[in-house]
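Quick notes on the structure that follows.
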Amino acid sequence: MKVVALVGCPNVGKSTFFNRLTKTRDALVADFPGLTRDRKYGRALYEGREYVLIDTGGIAEDAKNQPEEVTTSMTNQALLAIDECDLVLFMLDARAGILPGDYSVADYIRRSGKKCAIIANKVDGLDPETAGAEFYALGLGEVYPTAVAHGRGVNNVLEDVIAPLLREDGPLDCDLTPEQLEQKEKEAQEEEYKAWEEGYQFLENVPVDMQAGGYDWFAHKEKVRALQKGEAAVEENATPFADLPIKFAIVGKPNVGKSTLTNRLLGEDRVIVADHPGTTRDSIYIPLEREGKKYIVIDTAGVRKRRKVSEAIEKFSIVKTLKAIEDANVVLLVIDARAHITDQDLSLLGFVLESGRALVIAVNKWDGLDMSVKDEIKTELNARLGFVDFARVHFISALHGTGVGNLYESIDEAYEGATTRHSASMLNRILRAAIEEHEPPISGGRRIKLKFAHAGGYNPPRIIIHGNKVSKVPDSYKRYIINCYRKSLKIMGSPVIIDFKEGENPYANEKPAQKRQTQSQMRAEKKKAANERMWARAAKKHDKEDQKAIAKARREGTGLVLKKRPKKTSETEKSVKRK
């Protein structure tokens, strides 16, 4: 797979170009320099061929708004991207012209021998014939004028620069005839089915019952067999693989050592580290393989209290951090031992628990502390973090690597506890044993009854218990049930969620309690009934009188004339009476 790197000075539009080519919004974009700092990788697709795109920080020799060590690290990150790519897209600002740092970057690209193209960005509003003409003086080849924010000139870069690079691995979809394109899709589908079968047989990080991560692998295998035999139709948007790598996010307050820990886990200076808060501004996803197991490390920006957040970009960084927590399988919460446990640490911990993520706690900067201070911190941990007693706590030093290797065992344990499936029979046996050891309390004169349990979801494990009067179960007994399941199923590092459900009572509306009324309601109904009886008696009396009058008229043979019928007089009669 080909690799393309975007390099250039700050605020020339590299992150905007990255988002447009990858068709995502992964890279943070703002109208001020120095926003992007670490290398960010993304996958882009052009005419059926994938390639890797690298977004880098701006190369600046005279940055004024950031420390010198950060500027140096950003430059080194960009130079590393040039070394590992196949094509360099050197982006320049057409309005600013050639900056002092552009000459040094051009010299480095020229010495590396990599293919290069110059992207003259922000040409909107300029003369199209002269915009970017001065960039030919750098001697790096053709200059492509673009306005990336509006999408102008991007197709020219794709067709003239990126497409020839991708054709080195074979023809693109636009180069194939309709018959060849159909044959290619058929071969890709056959390879996908084969990968499904192999992935099922040799899948890593999946328990023995072939079910994990909320994905039913038994049903998956049956579907693959049906597809191979032609007994089932191919589903659109089918997901052939579950998320195999374990994704764990490193979160915490600013300047607690998250980036240092990331570099220590990776064994290289992958992200920028500086001795001041706010160095990391975006969430960086980095693949990692250790002892045959695959991981994805997510380095996140530090989260401060809301009243201390004033810059808009920091708000976006916090949003990306919270999104990374929800996207991860396991969250590694880093706490500064020298700052003890703060309210912000507890706020982050609360968000992790609300998201249902598995948890591992790492107390960093443990080296160099006195034994009395260590004992004090341990006492504080037991007092303030007693509600997350299921999480493993490690005392580490990310700078020196002390205790960092033990984190993987806790991460694997937490992931397995969060994704392992358990049968309904096992859950019911545990429930019956818990009830025999300690019965549910009595509520309203009757004992709460728990009938049966079954699984309701995974990552985190969710257990649904059905019974009577379960809404009256106290929190203490709920914690007792959770601890019984955690101990029996050996779930460590992941929260266990218990949901109680009560069946509908068909006689609920017939209960006497449902018919009870207030005194005013009873008086109103009594008055209404009395009025109805009075109207019924009056109507009955009138009917009897009418019947008597009718019977008398029949006996006498005379017509029936109503006594109270109003007399109608014609106009002629009225005129005669007047005369």
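The values are calculated or read from the model by the stated rules, or taken from the named source; none is laboratory data. Fair warning: this is a prediction, and the values are worked out from it, not measured in the lab. FYI the Cβ positions are ideal-geometry reconstructions off the backbone, even for glycines, and counts take in every protein chain you see.
Pull up segment 11-34, narrow it to residues that are modelled with pLDDT under 80 and more than 26 Å from the chain's Cα centre (by Cα), then point me to the one that is surrounded by the fewest Cβ atoms within 10 Å (Cβ to Cβ).
Looking at the filtered set, the residue picked out is Asp31.
If we only count strands (runs of 3 or more DSSP E) wholly inside segment 75-183, which ones have 1 or more residues that are aromatic (Phe, Trp, Tyr) and within 26 Å of Lys40 (Cα to Cα)?
Here the list reads 87-93, 143-145.
Conditions (1) closer than 12 Å to Cys9 by Cα; (2) of a type outside the set (Gly, Ala, Ser); (3) modelled with pLDDT under 80; (4) assigned by TED's automatic domain parsing to the domain that holds His150, marked per residue:
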| position | (1), (2), (3), (4) |
| --- | --- |
| Ile82 | no, yes, no, yes |
| Cys85 | no, yes, no, yes |
| Phe90 | yes, yes, no, yes |
| Asp93 | yes, yes, no, yes |
| Ile98 | yes, yes, no, yes |
| Ala106 | yes, no, no, yes |
| Ser112 | no, no, no, yes |
| Cys116 | no, yes, no, yes |
| Lys122 | no, yes, no, yes |
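Could you tell me which residue of segment 35-80 is nearest to Tyr103 (Cα to Cα), considering only residues that are of a type in the set (Asp, Glu) and at pLDDT 65 or above?
Across segment 35-80, the extreme among qualifying residues is Asp55.
To keep it simple, each residue is scored yes or no on (1) outside any strand (DSSP E or B); (2) at pLDDT 90 or above; (3) surrounded by 14 or more Cβ atoms within 10 Å (Cβ to Cβ); (4) out of contact with any Ser or Thr (no Cβ under 6 Å at 6 or more places or on another chain).
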{"residue": "Gly456", "(1), (2), (3), (4)": "no, no, yes, yes"}
{"residue": "Ile491", "(1), (2), (3), (4)": "yes, no, yes, yes"}
{"residue": "Ser494", "(1), (2), (3), (4)": "yes, no, yes, yes"}
{"residue": "Lys501", "(1), (2), (3), (4)": "no, no, no, yes"}
{"residue": "Asn509", "(1), (2), (3), (4)": "yes, no, no, yes"}
{"residue": "Gln521", "(1), (2), (3), (4)": "yes, no, no, yes"}
{"residue": "Ala524", "(1), (2), (3), (4)": "yes, yes, no, yes"}
{"residue": "Lys527", "(1), (2), (3), (4)": "yes, yes, no, yes"}
{"residue": "Met534", "(1), (2), (3), (4)": "yes, yes, no, yes"}
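Test of understanding: among Tyr485, Tyr415, Tyr458, Tyr480, which residue is of a type in the set (Ser, Thr, Tyr) and in the same structural domain as Gly356 (by TED's automatic domain parsing)?
Tyr415 is the lone residue from the list that is of a type in the set (Ser, Thr, Tyr) and in the same structural domain as Gly356 (by TED's automatic domain parsing).
Return yes or no: is Asn263 assigned to a loop (DSSP other than H, G, I, E, B), at pLDDT 75 or above and more than 26 Å from Asn459 (Cβ to Cβ)?
Judged against the criteria, Asn263 is not a match.
If I ask for residues that are on the phi > 0 side of the Ramachandran plot and modelled with pLDDT of 85 or more, which ones from segment 391-448 would you list?
Gly403
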